[in-house]
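Here is the structure we will look at.
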Amino acid sequence: MSSTRVLVLNSGSSSVKYQLLDMRDSSRLAAGLVERIGEETSRLKHTPHGGEAREWTGSVPDHEAALKAVATELAKDGLGLDSPELAAIGHRVVHGGLRFTEPTVVDDAVLAEIERLVPVAPLHNPANLTGIRTAQALRPDLPQVAVFDTAFHTTMPESAARYAIDVETADAHRVRRYGFHGTSHAYVSRATAKLLGRAPEDVNVIVLHLGNGASASAVRGGRCVDTSMGLTPLEGLVMGTRSGDMDPAVIFHLMRVGGMSADEIDTLLNNRSGLIGLCGDNDMREIRRRIDEGDERARLAFDIYIHRLKKYIGAYYAVLGRVDAVAFTAGVGENSAPVREAAVAGLEQLGLAVDDGLNAVRGDEPRLISPADARVAVAVVPTDEEMEIATQTYALVGKDG
Ligand code: ADP
């Protein structure tokens, strides 16, 4: 029997998101989420393709129990993880440092290297490691593939990847710009070229991944040349709960004058800043609703968000020299017409504009929203990180078993 299925796992500290895909025809067989692992009441939501979602609450003490619960749900649909049709398990791994430029079959040396990167990704890499080890225990015979969020950005030139600080200090502590959301930037930049009917090598694209976390990238001929996140996902755009760019001296000021500890400032900048810090809401739908009611704080938060976004569009226009397309993706990018309109407003001199009618259309397919005669295409391109992880995983291990 040929093994064409790939299970994609995205393991967080207290959650596991999963999808089972069949790479014969790139179809989705099932998808789901286990949340609040280790808490009193955990929740599992499982949706078989074309079927009714099943929800379940109970105790899921750890990742091993979570994966077993997922396996049980899949087995009910005849998709058990013991099936010979399963070719591999693909894992999202947040930080691959400089070493991992490609998806990689996991062995002990790979696990050790992911572990070595924990200091630069203290929240994410430990959870990703737990996910991999748990999956290994469940199916020791199966290839486990790590797909790194940083990999797409390893093509950045040193001029973009280095901070202008003392080189020895930076190198001693591996301080440089790595970038994140790489799987999404890779997928969306290629899908944008396809939408334009051109080869990825021939097009320059600015990708705006605007979810709760948000990042921009400049992609020249299919290779990333700059991205807005840095050593950690904190740098760059204004996000749902993260500040993005600011003067690093704000941190010393808060320590010396505000009496805050490094951990308190870490929490402030990662969890209590960005849109939620500015106006108390991080959901763009709620912010737009408040703006419609005349709420000034929501308006200011929106304006700060857009101002930063516009600065990055301008910066990456200059980095690329020639831009063929600007692509909006992720929760906000795919769904918020007001954000897309405001982000390119006034950039007509750069050849950028949106057509109000096209911008208002909703849909799941990649689509152009710029006027027909526009010099630069503006596009909405839904991201699909799970499909990209499955595709990369299968390309590495796919064979008839
Ligand atoms: P994550 O970074 O968690 O993967 P997503 O890409 O799913 O995030 O984006 C989540 C965000 O997308 C929400 O916080 C919300 O701001 C925004 N969003 C989702 N749906 C809509 C919508 N219909 N209109 C505007 N914004 C939306």
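The values are calculated or read from the model by the stated rules, or taken from the named source; none is laboratory data. All values derive from a computational prediction rather than experimental measurement. Cβ sites come from the backbone with ideal geometry, for glycine too, and all protein chains shown count toward neighbours. Just the protein is used for accessible areas: all its heavy atoms, side chains included, with ligands, DNA and RNA removed. Shrake-Rupley method; radii C 1.70, N 1.55, O 1.52, S 1.80 Å.
A full extension of the chain between Met246 and Glu365 corresponds to an added length of 39.3 nm, given 0.36 nm per residue minus the alpha carbon distance. Give me the percent of the accessible area of the chain that comes from carbon and sulfur atoms, probe 1.4 Å, all protein chains in place. Summing carbon and sulfur atoms, their accessible area is 52 percent of the total for the chain.
Subtracting the Cα-Cα distance of Ser261 and Leu138 from their residue separation scaled by 0.36 nm leaves 40.2 nm. Between Arg288 and Ser59, the distance separating the two model label sites (each 7 Å from Cα on the Cα→Cβ line) works out to 4.4 nm. Between the alpha-carbon centres of the stretch 195-209 and the stretch 18-63 there is a gap of 33 Å. Model label sites at Arg24 and Ile304, defined 7 Å from Cα along the beta-carbon direction, differ in position by 5.3 nm.
Counting only other residues whose beta carbon sits under 14 Å from that of Pro371, what net charge do I get with K and R as +1, D and E as -1? Residues near Pro371 contribute -2 overall. Its Cα gyration tensor gives the stretch 301-401 an equivalent ellipsoid. The semi-axes, each the square root of 5 times an eigenvalue, are 29, 16, 14 Å from largest down. With a cut-off of 13 Å between beta carbons, the residues surrounding Pro233 carry a summed charge of -2, where Lys and Arg count +1 and Asp and Glu -1. For trypsin sites (Lys or Arg not before Pro), the sites in the stretch 278-332 that DSSP calls loop and that have at most 15 other Cβ atoms within 10 Å are Arg322.
FRET efficiency for the pair Asp171 and Glu113, taken as 1/(1 + (r/R0)^6) with r the Cβ-Cβ distance and R0 = 25 Å, rounds to 0.90. Residues in the stretch 104-251 average 39 Å² of solvent-accessible surface per residue, probe 1.4 Å, ligands and nucleic acids excluded. What the phi angles of the stretch 126-134 give under the Karplus curve with 6.51, -1.76 and 1.60, with θ = phi - 60°, is a coupling list of x, 5, 4, 4, 4, x, 5, 5, 5 Hz, glycine and proline written as x. Between Leu350 and Glu40, full extension at 0.36 nm per residue minus the direct alpha carbon distance yields a gain of 106.2 nm. Using the Karplus relation 6.51 cos²θ - 1.76 cosθ + 1.60 with θ = phi - 60°, the per-residue 3J(HN,Hα) values for the stretch 71-82 come to 4, 4, 5, 4, 4, 4, 9, x, 10, x, 6, 7 Hz, with x marking Gly and Pro. Normalised by the number of residues in the stretch 246-401, the average gap of Cα pairs under 8 Å and 6 or more apart makes the relative contact order 16 percent. Using just its DSSP H runs of length 4 or more, each adding -39500 (n - 2.57), the chain gives a mean residue ellipticity at 222 nm of -11000 deg cm²/dmol after division by all residues. Report the Cα centroid-to-centroid distance between the stretch 239-257 and the stretch 291-330 in angstrom, as an integer. First find each Cα centre; the distance between them is then 20 Å. Note that the stretch 248-257 has calculated 3J(HN,Hα) couplings of x, 5, 4, 5, 5, 4, 5, 6, 7, 9 Hz, one per residue in order, obtained from phi through the Karplus relation 6.51 cos²θ - 1.76 cosθ + 1.60 (θ = phi - 60°); glycine and proline are x. Computed from the Kirkwood radius of its Cα pairs, the Stokes-Einstein diffusion coefficient for the chain at 4 °C and 1.567 mPa s stands at 58 µm²/s. In this structure the stretch 275-338 gives 46 Å² per residue of accessible area when probed at 1.4 Å with all protein chains present.
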